[in-house]
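Laboratory data are not the source of any read-out in this text; all were calculated from the coordinates shown. Worth saying up front: this structure is predicted, and the values here are computed from it rather than measured. Quick reminder, even Gly has a Cβ in these numbers, built from the backbone with ideal geometry, and neighbours come from all protein chains shown.
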Ligand SMILES: [Zn+2]
Ligand SMILES: [Zn+2]
């Protein structure tokens, strides 16, 4: 897992931003003249800025963007001190006003290029963690987002869609477009002018009076509602709208079916009915036609016994009705719910009668799941590529409504149980955010985790299975982590390869993946696309040297994959023979589960002190908490000890802070660059050898390379078969 984020192209140009808003322009040019006064030794008038902050703040960040530090700005300097303490998470107590002041400073810093969008997200998420009553924060946030969007766009429609991107990116709760009007007025941005549109008026009515949802939507075509609402209505409400219309759609479709019609004729009749009543999510196709949802479905066709054998035992019961109604699909749609970036993988493959989902992750950075589309509620089966939260962390939320099965290979089912239960306990998905029925993420509940675990089907590498009508899949070892799979998917002759996270390089755990090159569509993991290659041999040599000269050693590491890799490196280097190597907590449980073995021991009872000889591998790769954190704190002032960070460190996490010099320490610090993804050169070579259309996902790259497609969120590829 390398949870990089969707990066918003922010203005990083230094100086006063160009904007149509006179209020914002005045604010910045005033700061410019203030700065001139200050450099002449004069004082700034004691007036307040647009967020109720001291006028010094903007001057301070403006000076900083020109690489000046001005000591005389006392108020700004003291707010900046607080901001830095918040960034390193060392404040014992922080008031709402402290946080708001820091966020304001951070906002100006972001606009002026002193901070990036991840820093801004960190500040907002810090406030989520530390401020129970969010009213003041949310009020500030809406205004801040209007400002952020207005320094980039002039058109109010564009300002509003920029705001929506930001809301998604930071993982904010739902706000109506209407709620930005007041802030727009204060900043000279005419939000009201777009609120008057028919679409947004409808959104406003639906979100304000969800109790009258049925009355408001009944009799209206779904296409019209979805088009109007899809950008600004909470997913949970869209899902409710769908259930109301879906029930009516099938009820009325029943009337067009005569008793003498067979499956094929019934299918065509329902299709015609859906077209006429616009039971569609876009103009080019109708919703999947699931005859089994009719109040009294026609008798199904007999199932071909050969096909029946292809269906895993556990799937058969659930699939029987739909398999009986299966028919050759005339079109396939690939819908990219998780967009192009790393964090919340999710791809839907829709056929005429249903479909499957490839992965359903959750972003650890903002606790978001893939985007919702109506077809998400009409799939038959979920295929999960491997046991990392960015690929399966959203399953408990999906299973709140979904009653089908999910499939994976090897130990992934067991890993899912460990990961999801842990996420539930530590609150990864729904942190201190209150229960919100408009928010799908707050459906991550213990019951749902249990439902996920109960509905798992294990597949085997190399063995084909029909997992949904007409969809035959063959899992292939992706060599990313134990149990990771790429899926070769055959839909009546159209071949789609989904690589999931994969590694072609040879590593200590795997020989390197060998994937087919003949798929019509290859959807691949581009984590290291276009980046420098890494030298795995050098990493272990370096590690060997550090370990030989230090003790004890603390290695914070991700529980799934990375810990097993580190342990195997230590084993191969012979270190496990002459030092006491221990693995603790979740890392230990996962290592036992996946069956990677060596001369180390599981730390059964948590050791309070490490001895000179000890080497501890413990979960919490970003040093966020747990045993790794405890032992780092214990050893940080011991020059004989060493801490070895390995793998991805999200900005502003304790591990990142340590690596970037924000955490004082006397112990030896090292970073082992390891990766469970293909190196850039091998990835390029493989992709060049693929004959079909190439689609890159799971990548930090922002612009699609030549000859490769990178999908937007909810983008569809429609294939006529
Ligand atoms: Zn991943
Ligand atoms: Zn992964």
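Distance between the C-alpha centres of region 134-209 and region 453-491: 42 Å, rounded to the whole angstrom. What the pair-distance distribution of region 536-672 shows, using all Cα-Cα distances binned every 5 Å from zero, is 2, 11, 23, 26, 23, 12, 3, 0 percent. The sum of -39500 (n - 2.57) across all DSSP H runs of n ≥ 4, divided by the residue count of the chain, sets its helix-only mean residue ellipticity at 222 nm to -12000 deg cm²/dmol. Normalised by residue number, the volume inside the convex hull of the Cα atoms of region 348-390 is 62 Å³ per residue. Spin-label pair residue 702-residue 545: with each label point 7 Å from Cα along the Cα-Cβ axis, the two points sit 3.6 nm from one another.
Shape verdict for region 277-357, please, from the Cα gyration tensor: rounded (a/c under 1.5), prolate (a/b greater than b/c) or oblate. Here region 277-357 falls in the oblate category. Annotation: for a label point projected 7 angstrom from Cα along Cα→Cβ of residue 43, no residues of region 53-72 have a backbone N closer than 13 Å.
Computed over region 22-193, the P(r) curve from all C-alpha pair distances, binned at 10 Å from the origin, holds 9, 39, 36, 14, 1 percent per bin. Taking a ≥ b ≥ c as the square roots of the eigenvalues of the Cα gyration tensor, an a/c ratio of 1.5 or more together with a/b no larger than b/c marks region 423-561 as oblate. The value obtained for region 220-319, namely the Cα convex hull volume divided by the number of residues, is 137 Å³ per residue. Of all DSSP bridge pairs formed entirely within the chain, close to 45 percent run antiparallel.
The tail of the calculated P(r) for region 640-694 beyond 12 Å holds 73 percent of all Cα-Cα pairs. On the beta carbon distance between residue 157 and residue 613, with R0 = 60 Å, the FRET formula returns roughly 0.40. Among 667, 479, the order by Cβ neighbours within 10 angstrom, fewest to most, reads 667, 479.
Going by a ≥ b ≥ c, the root eigenvalues of the Cα gyration tensor, does the chain fall in the rounded group (a/c under 1.5), the prolate group (a/b larger than b/c) or the oblate group? Here the chain falls in the oblate category.
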